[in-house]
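To keep things clear, I will list the structure first and then write my remarks on it.
The values are calculated or read from the model by the stated rules, or taken from the named source; none is laboratory data. Everything numeric in this text was worked out from a predicted model, so none of it was measured. Every residue, glycine among them, receives a Cβ derived from its backbone with ideal geometry; neighbour counts consider all protein chains shown. Ligands, DNA and RNA are excluded from the accessible area calculation, which covers all protein heavy atoms including side chains. Shrake-Rupley method; radii C 1.70, N 1.55, O 1.52, S 1.80 Å.
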Amino acid sequence: MTDFLGSVEFYVYATLVAAAIVAFLARPSERGEARQHLLAGELSNASGEDWSGTSSSQPTISLHVRDDGAVVLFRHGIEGVSTSGAVSLAVTVIGFDITIEERIVPGNNLDDPIDTATFILDFLAPDRYHLKYNSSTTSRFAATTLLNRPGFTKHCPLTK
């Protein structure tokens, strides 16, 4: 038995076992499957300005959790979009990570302008989520934590 403990074969087997243990411990955790939801925004002009006015509204997102657990997401400070345009979101949920990609279609500039889009996220369980919001059209983003509990409210500016 002592000959085996000092042999090359022993060290080869010990190295293989150690590598298997490290590989098992270092594997990524199960995040779950990805679910994607496409949402169309309800467009409005909260500031009441026309095309000649300058918008003083900072591009932000606001989150509010209703009593029924649905999350209302407001996108404020939208510029260059009319009522014939569209603002939509591609929401990807993987475990407790939410990634949101904003898509903007300007519409006809003869129509009334809008500056706010409202979305309802009614597919989230009551839990804590990490949210990333990306607007590739405006080159802005935001990252925050969402606590899906009734009454939760959060405002987050979109930064470049």
Can you spot a residue in segment 50-60 that is of a type outside the set (K, R), under 17 Å from T159 (Cα atoms), assigned to a strand (DSSP E or B) and within 18 Å of the chain's Cα centre (by Cα)?
yes
The number of residues in segment 146-160 that are surrounded by fewer than 12 Cβ atoms within 10 Å (Cβ to Cβ) and closer than 10 Å to R128 by Cβ is 1
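I'd like to check something: does segment 94-106 contain any residue that is over 17 Å from L147 (Cα atoms) and touching a residue at least 60 places away in the same chain (Cβ under 8 Å)? Quick ask: steps written out before the conclusion?
Initial filter on segment 94-106 (over 17 Å from L147 (Cα atoms)): 101-106.
Narrowing further to those that are touching a residue at least 60 places away in the same chain (Cβ under 8 Å): none.
No, because not a single residue in segment 94-106 is over 17 Å from L147 (Cα atoms) and touching a residue at least 60 places away in the same chain (Cβ under 8 Å).
Taking T99, is it within 10 Å of the chain's Cα centre (by Cα) and of a type in the set (S, T, N, Q)? Don't jump to the end; show me each part of the working.
Numbers: within 10 Å of the chain's Cα centre (by Cα): yes; of a type in the set (S, T, N, Q): yes.
Spelling it out, T99 is indeed within 10 Å of the chain's Cα centre (by Cα) and of a type in the set (S, T, N, Q).
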Matching residues in segment 12-47 - criterion: being open to solvent by 90 Å² or more (accessible area, probe 1.4 Å), of a type in the set (S, T, N, Q) and closer than 30 Å to E79 by Cβ
Q36
Cβ pairs under 6 Å, 6+ apart or interchain, first in segment 149-160 and farther than 19 Å from S57 by Cα, second assigned to a loop (DSSP other than H, G, I, E, B) and not aromatic (F, W, Y), ordered by first then second residue, are P150/D67
Restricting segment 101-112 to residues that are of a type in the set (A, V, I, L, M, F, W, C) and open to solvent by 70 Å² or more (accessible area, probe 1.4 Å), the residue that is modelled with the lowest pLDDT:
L110
What are the residues in segment 118-148 that are closer than 22 Å to L43 by Cα, in a strand (DSSP E or B) and without any contact (Cβ under 8 Å) to a residue 24 or more places away in the chain, if any?
F141
Among residues of segment 73-84, those that are open to solvent by less than 10 Å² (accessible area, probe 1.4 Å) and closer than 17 Å to L131 by Cα, counted
2
Would you mind stating whether D115 is more than 10 Å from the chain's Cα centre (by Cα), open to solvent by less than 50 Å² (accessible area, probe 1.4 Å) and of a type outside the set (S, T, Y)?
yes
Within segment 96-110, is even one residue out of contact with any helix residue (DSSP H, G or I) (no Cβ under 9 Å at 6 or more places or on another chain), among the small types (G, A, S) and in a strand (DSSP E or B)?
no
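Among the residues of segment 56-71, is there at least one that is under 22 Å from T137 (Cβ atoms), open to solvent by 90 Å² or more (accessible area, probe 1.4 Å) and at pLDDT below 90? Write out each step before concluding.
Looking only at segment 56-71, we keep the residues that are under 22 Å from T137 (Cβ atoms), and these are 56-63.
Now narrow it down to the ones that are open to solvent by 90 Å² or more (accessible area, probe 1.4 Å): 56, 58.
Imposing the further condition that a residue be at pLDDT below 90 reduces the set to 56, 58.
Yes, some residue in segment 56-71 is under 22 Å from T137 (Cβ atoms), open to solvent by 90 Å² or more (accessible area, probe 1.4 Å) and at pLDDT below 90.
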Can you spot a residue in segment 23-31 that is at pLDDT 90 or above and among the polar types (S, T, N, Q)?
no
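What number of residues in segment 85-96 are in contact with a Phe, Trp or Tyr (Cβ under 7 Å, 6 or more places away or on another chain) and surrounded by fewer than 20 Cβ atoms within 10 Å (Cβ to Cβ)? Before you say what the answer is, go through the steps one by one.
Within segment 85-96, the first condition is being in contact with a Phe, Trp or Tyr (Cβ under 7 Å, 6 or more places away or on another chain), and the residues that meet it are 89, 96.
Cutting the leftovers down to surrounded by fewer than 20 Cβ atoms within 10 Å (Cβ to Cβ) gives us 96.
Result for segment 85-96: 1.
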